[in-house]
Every structure is written in structure tokens, then in C-alpha cells.
Amino acid sequence: MSKRSVAGRSIVTRRAIADIVRTAVQSSYGVTGFADPSFSRRLLRWLGLDRSGIRLSNDGGLILDLYVTVAFGVPVAEVARQVDSAVRYSLRQAVGVEVATLAIHVDGLRHLPAAVERAHEIEVTEVEPLPAEAGAEETAARGRSKR
């Protein structure tokens, strides 16, 4: 008896798409957070009743409006390109959906505190060899000189 394939249907909720987009945006370099242009949305977010920064609709394809804040001193255009690429890639990989329109609104620049800026800097210090390593090098050097 042959097996018949049954066509199925999968449904992805708006919340799932918003979570995928939120993760992609927050992992992008230079993004410090989400923002909202309207005072009422900001107030709702401050009270914990609304999640900010992502507006999506499904009118003739997936349409996204993202409202973000960017770190001061980082090229805004480069951050926007990074966010665009990360969002499109994440949605394509996770859900298989192509984004019809993606608008990124930079609502402001946020200066990072000095402690956070220092944490992002990479310190290069000279490392001294451990005594065991130094002994191994000397032993190897002696072995070569005896030959």
C-alpha cells in the first residue's frame, strides 16, 4: 500500500514573528534598544503594558516598522544596514518568510556609560610564559643543541 502525503498548514503568530525580529535587532551591533515615537506608547511601555519598537502588518506581504535607538558614535547607516540584514536573514531562516517592506526609524542616539564603553574595549596585555612553559622551551633548546 502506498503512502499518500497530506498537505498541511502551519500558522506563525504575530508574537512569534515579533520575538524573532526583536532578537535579531537586539543582537545587532550598535543598537541600544527600542523606542516609540508616540507618548502614549511610551507611557504604556513604561507601565509594562506594551512592548515597544516593532509594528508589523500583513497587507500584501510582511511589512515591518522598527523604532530603535543607536549608540552614540556608531555610524547610523551601518547600524541600519546591519539590522536590515539580520532581520531578513532571521525571518527567512526561522519561518521561511520574505519581508516585503522593512523601515528602520532611528529615534535617537544613546550615549553609553563609561563603564559599558570600557567593557567593550579590548585590552591587549603582554603575557609572560609560565615557569613550566619556560622549562619546556629550555629542554627543547638543549635537545636541539646536542644534535
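The values are calculated or read from the model by the stated rules, or taken from the named source; none is laboratory data. Not measured: the values here are computed from a predicted model. Counting neighbours? That spans all protein chains shown, and the Cβs are built from the backbone with ideal geometry, glycine included.
Structure summary
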{"item": "Leading residue by the ranking (modelled with the lowest pLDDT) among those in region 2-51 that are among the small types (Gly, Ala, Ser) and over 21 Å from the mean Cα position of the chain (by Cα)", "result": "2"}
{"item": "So residue 65, is it modelled with pLDDT under 70, outside any helix (DSSP H, G or I) and closer than 14 Å to residue 18 by Cα", "result": "no"}
{"item": "Scan of region 62-107 for residues that are touching a residue at least 12 places away in the same chain (Cβ under 8 Å) and of a type in the set (Ser, Thr, Tyr), ordered by number", "result": "67, 69, 89, 90, 101"}
{"item": "In region 82-126, residue farthest from the chain's Cα centre (by Cα) [restricted to those that are in a loop (DSSP other than H, G, I, E, B) and modelled with pLDDT of 55 or more]", "result": "126"}
{"item": "Exclusive hit being loosely packed, with under 14 Cβ neighbours inside 10 Å, in contact with a strand residue (DSSP E or B) (Cβ under 7 Å, 6 or more places away or on another chain) and under 16 Å from residue 104 (Cα atoms), set 57, 52", "result": "57"}
{"item": "Among the candidates 40, 10, residue that is of a type in the set (Ser, Thr, Tyr), assigned to a helix (DSSP H, G or I) and loosely packed, with under 13 Cβ neighbours inside 10 Å", "result": "40"}
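Results for (1) loosely packed, with under 14 Cβ neighbours inside 10 Å; (2) closer than 15 Å to residue 56 by Cβ; (3) of a type outside the set (D, E, K, R); (4) out of contact with any strand residue (DSSP E or B) (no Cβ under 9 Å at 6 or more places or on another chain), shown as yes or no for each residue.
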{"residue": "75", "(1), (2), (3), (4)": "yes, no, yes, yes"}
{"residue": "80", "(1), (2), (3), (4)": "no, no, yes, no"}
{"residue": "83", "(1), (2), (3), (4)": "no, yes, yes, no"}
{"residue": "89", "(1), (2), (3), (4)": "yes, no, yes, yes"}
{"residue": "92", "(1), (2), (3), (4)": "yes, no, no, no"}
{"residue": "101", "(1), (2), (3), (4)": "yes, yes, yes, no"}
{"residue": "104", "(1), (2), (3), (4)": "no, yes, yes, no"}
{"residue": "107", "(1), (2), (3), (4)": "no, no, no, no"}
{"residue": "112", "(1), (2), (3), (4)": "no, no, yes, no"}
